[in-house]
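Below is one structure, written out as structure tokens; comments come after it.
The values are calculated or read from the model by the stated rules, or taken from the named source; none is laboratory data. As the structure is a prediction and not an experimental result, all values here were calculated from the model. Cβ placement follows ideal geometry from the backbone for every residue including glycine, while neighbour counts extend to all protein chains displayed.
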Amino acid sequence: MPLFSKILIANRGEIACRVIKTAKKMGISTVAVYSDADSNSLHVAMADEAIHIGAAASSESYLKIDTIVEACKQSGAQAVHPGFGFLSENASFATALEKAGIVFIGPGKRAIEVMGDKIESKKLAESSGVNTVPGHTEALDDTDRALEIATQIGCPVMLKASAGGGGKGMRIAWSLDEVKDGFTSAQNEARSAFGDDRVFVEKYIERPRHIEIQVLADQHGNCIALGERECSIQRRHQKVLEEAPSPFIDASTREAMQEQAVALANSVDYCSAGTVEFIVDSQRNFYFLEMNTRLQVEHPVTEFVTGLDLVEQMIRIAAGEKLPMQQSDVELQGWSLEARVYAEDPDRNFMPSIGRLSHYLPPEEATITLPSGDQATVRVDTGVFEGGEISMYYDPMIAKLVTHAKTRENAIAAMSDALERYVVRGVSHNIPFLSALVAHPSFKSGELTTGFIDEHYPEGFDSSKLGTAQDAESESVCGLALITVPALFAEHKDRTRAGGIDNQLRRSSVTAAEAGAYGKQYEHVSTYAVLLGDTTQTVEVTDRHQPDAITGSSITVRCNGKSAKITSSWVPGQPLFIAELESDASNGQDVFSAQISRHGNNWSVSHGGQVSTISIMSPETAQLQARMPVKQAADLSRFLLSPMPGLLLKLSVVEGETVKAGQELAVVEAMKMENVLVAMQDGVVKNIPETVGASLSVDQVIIEFE
């Protein structure tokens, strides 16, 4: 079968853009489909043609099989790439395409059906000689049966939706009481997300790693494994950071995992790219978790270490071509990391954020030189653009940031630098959290488990607190916190610029002598008070540059009896601050980057996972500021506020009811995830202004207490 001349991408966002890029590289025309909410999306602009398929809700657009098949016929597309999510693992979709004479760029119907059912896939894995987690492989009808099985297995157990994925319909139960509470929630969530409320129970492996094997199989019986990916850094069972290879897996374990993954794929006559996921304990014992019969979100890290374009291979396999290599040809080169950039607020328990991207400046996709002199590559897979909108209807992913270098240390260094340079404004985002993760000593040392985030951030993430990086002596200039440097430089340049403009506006004429002197170097010394949290430090700034030299200039900072030189081309209004730092204690120049913005009289600076509000003022003003009364925050303890935009799915109390701390009050659904809101203290319900089914905004009042 010759390669296709036109394919349709039955998806949206960054994965649709990703498939379009490869298709164009292969000389294949592309067709995008889009909903009402995506009419101005990037994937629509990138495709050769686009077809409208329905309303914003995915159930009325991206999940409508008949509509997408009709779009294929209308456009003349010979094949469909499903991406991930939506219909990518829907056997009925693959069947409908086959009946219409359209090629599904993915595996056969049997593989999708068997592997899409966690119960059936576990049974098949056991019969194929693949290690499986102890548990009950039958769907459970009710809570009583779940309690019975959990008692037999022993807590902790995992409650899992049979058709689940992406963390939906999953609950860890550490006690029988949690089994009772979690079973119904898992059923409801599974029914909402997948239309299938079957739930089963299996033993929960404590302190596990989540490690998966990428497989690639053609229609001629050839199947190979492309190494492993470490996906242990997760939040709510959803991956946050991934890497290839794993810092934990040795050669013999990798070989054994690959052999079992290939055996499982062969048992269902698999063809296309697929992933076999395992959980691995501290002794490198591994157990089958599930098989995803599609392209994974984290596939770029495998592409970097193998040199293969997995989307291209999927297209070629669907067209009937043989694999270009055998297992013995697979060699893993270097190290790759992927960070998922989401529109969510880490400081508010990662609640989704929606809105327009007022600023969007991703780091440049290029090969960069690290401070060590080594090289690394940066890649950005995105489906958004500046001025675009993050919608409430779909997953809030902004992009996938990927780095590759010869060593893990260098890949992490490149990731840290790229995150510092990733500018997103208009919506909340998780970039500070990602920066904190890659800077964490336990992450750098490879000490990972699926409970990493809960273990190291038990009280949640707070970007206003000093992180590990900021505690280090290297993260200071003359004893002044490094995060204050951009604010100090920016404030000084703002004042210099404003002073120059003010001086010119006040004077109606300039004498010839003054004109001749204008532009010459001068030395001016300013003294500032730098306020960060409860700390105030006095800093002396010497500017030896021309009055009109706003770009490419240097200042000398003196504090605590030490001095440092700061050189930057930053100009007022720029969100990204990059400077070279040279101090008495440093050997040569260090490059420092941060993000900066002015908010009234203060500066907001983000660096290394910390987001700080910094005030720069004269020492006299600082003394007066210290005498100002502090405005007390409004008392909101009498209200239950919606922590996110979403749908009010359930109200568990009525007006006049007395509630106890810990009691369920309401359930809010956001991004197909159920979020149970509970009472923080005892009280009496006074008023419930909203009704079930209401669309809620962030901080909207759901319940008022007396």
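Below are the figures for this structure:
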item	result
Check on Glu126, surrounded by fewer than 17 Cβ atoms within 10 Å (Cβ to Cβ) and without any contact (Cβ under 8 Å) to a residue 12 or more places away in the chain	yes
Tally of residues being within 20 Å of Val530 (Cβ to Cβ) and either among the polar types (S, T, N, Q) or at pLDDT 90 or above (or both) across segment 493-509	1
Answer from Ala469, Ala411, Ala490 - the residue that is crowded, with 20+ Cβ neighbours inside 10 Å, modelled with pLDDT of 90 or more and either out of contact with any Ser or Thr (no Cβ under 8 Å at 6 or more places or on another chain) or more than 30 Å from Gly373 (Cα to Cα) (or both)	Ala490
Residue within segment 52-75 that is in contact with a Lys or Arg (Cβ under 7 Å, 6 or more places away or on another chain), of a type outside the set (Asp, Glu) and under 24 Å from Lys168 (Cα atoms) present	yes
Residue in segment 177-193 that is at pLDDT below 85 and not in a helix (DSSP H, G or I) present	no
Sole residue being within 30 Å of Glu386 (Cβ to Cβ) and either touching a Cys at 6+ places or on another chain (Cβ under 6 Å) or surrounded by fewer than 24 Cβ atoms within 10 Å (Cβ to Cβ) (or both), chosen from Ser358, Ser336, Ser282	Ser358
Residues satisfying the stated conditions in segment 304-313, i.e. part of a helix (DSSP H, G or I) and out of contact with any His (no Cβ under 7 Å at 6 or more places or on another chain)	Val305, Thr306, Val311, Glu312, Gln313
Leading residue by the ranking (surrounded by the fewest Cβ atoms within 10 Å (Cβ to Cβ)) among those in segment 680-702 that are under 28 Å from Gly169 (Cα atoms) and touching an Asp or Glu at 6+ places or on another chain (Cβ under 8 Å)	Val701
Test: Ser282 is in contact (Cβ under 8 Å) with a residue 12 or more places away in the chain and within 30 Å of Phe200 (Cα to Cα)	yes
Filter pass, Ile368 being surrounded by fewer than 22 Cβ atoms within 10 Å (Cβ to Cβ) and outside any helix (DSSP H, G or I)	yes
In segment 416-452, residue surrounded by the fewest Cβ atoms within 10 Å (Cβ to Cβ) [restricted to those that are within 16 Å of the chain's Cα centre (by Cα) and basic (Lys, Arg)]	Arg425
Test: Glu386 is surrounded by fewer than 16 Cβ atoms within 10 Å (Cβ to Cβ), at pLDDT 95 or above and in contact with a Leu (Cβ under 8 Å, 6 or more places away or on another chain)	yes
Residues within segment 83-101 that are crowded, with 23+ Cβ neighbours inside 10 Å and among the aliphatic types (A, V, I, L, M), tallied	3
Residue among Ala670, Ala633, Ala679, Ala661 that is of a type in the set (A, V, I, L, M) and touching a Lys or Arg at 6+ places or on another chain (Cβ under 7 Å)	Ala679
Selection from segment 362-393 of residues that are under 18 Å from Ser593 (Cα atoms) and in contact with a Pro (Cβ under 7 Å, 6 or more places away or on another chain)	Val378
Residue selected from segment 208-256 under the condition outside any strand (DSSP E or B) and polar (S, T, N, Q), by the criterion surrounded by the fewest Cβ atoms within 10 Å (Cβ to Cβ)	Ser252
Output for segment 680-689, where each listed residue is assigned to a loop (DSSP other than H, G, I, E, B) and either modelled with pLDDT of 90 or more or at positive phi (or both)	Asp682, Ile688, Pro689
Thr151 of a type in the set (Ser, Thr, Tyr), surrounded by 15 or more Cβ atoms within 10 Å (Cβ to Cβ), at negative phi and assigned by TED's automatic domain parsing to the domain that holds Val199	no
Residues of segment 623-672 classified as buried (at least 19 other Cβ atoms within 10 Å of the Cβ) and of a type in the set (Ser, Thr, Tyr), total	1
Residues that are in contact with a Leu (Cβ under 8 Å, 6 or more places away or on another chain) and more than 17 Å from Phe4 (Cα to Cα), drawn from segment 307-322	Leu308
Count of residues meeting criterion [touching a residue at least 24 places away in the same chain (Cβ under 8 Å), in a helix (DSSP H, G or I) and farther than 15 Å from Leu8 by Cβ] in segment 39-60	3
Within segment 1-27, tally of residues that are surrounded by fewer than 22 Cβ atoms within 10 Å (Cβ to Cβ) and either among the β-branched types (Val, Ile, Thr) or over 18 Å from Gly101 (Cβ atoms) (or both)	6
Residue list for segment 15-34, restricted to those being assigned to a loop (DSSP other than H, G, I, E, B) and free of Cβ contacts under 8 Å to residues at least 60 places away in the same chain	Gly27
Criterion violated by Thr621 - all others in (1) within 30 Å of Thr538 (Cβ to Cβ); (2) part of a loop (DSSP other than H, G, I, E, B); (3) among the β-branched types (Val, Ile, Thr) satisfied	(2)
Selected residue [over 25 Å from Ser61 (Cβ atoms), of a type in the set (D, E, K, R) and in contact (Cβ under 8 Å) with a residue 24 or more places away in the chain] from Arg340, Arg356, Arg379	Arg379
Some residue of segment 137-149 being more than 19 Å from Asp218 (Cα to Cα), assigned to a loop (DSSP other than H, G, I, E, B), free of Cβ contacts under 8 Å to residues at least 60 places away in the same chain and more than 29 Å from the chain's Cα centre (by Cα)	yes
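This table checks each residue for (1) under 26 Å from Leu437 (Cβ atoms); (2) at pLDDT below 85; (3) of a type in the set (Ser, Thr, Tyr).
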{"site": "Thr151", "(1), (2), (3)": "no, no, yes"}
{"site": "Ser162", "(1), (2), (3)": "no, yes, yes"}
{"site": "Ala173", "(1), (2), (3)": "no, no, no"}
{"site": "Gln219", "(1), (2), (3)": "no, no, no"}
{"site": "Leu226", "(1), (2), (3)": "yes, no, no"}
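Residues are listed down the side, and each one gets a yes or a no for (1) under 28 Å from Gln595 (Cβ atoms); (2) modelled with pLDDT under 90; (3) assigned by TED's automatic domain parsing to the domain that holds Phe350:
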{"residue": "Gln610", "(1), (2), (3)": "yes, no, no"}
{"residue": "Ser615", "(1), (2), (3)": "yes, no, no"}
{"residue": "Thr621", "(1), (2), (3)": "yes, no, no"}
{"residue": "Ala633", "(1), (2), (3)": "yes, yes, no"}
{"residue": "Pro645", "(1), (2), (3)": "yes, yes, no"}
{"residue": "Gly662", "(1), (2), (3)": "no, yes, no"}
{"residue": "Met671", "(1), (2), (3)": "yes, yes, no"}
{"residue": "Val676", "(1), (2), (3)": "no, yes, no"}
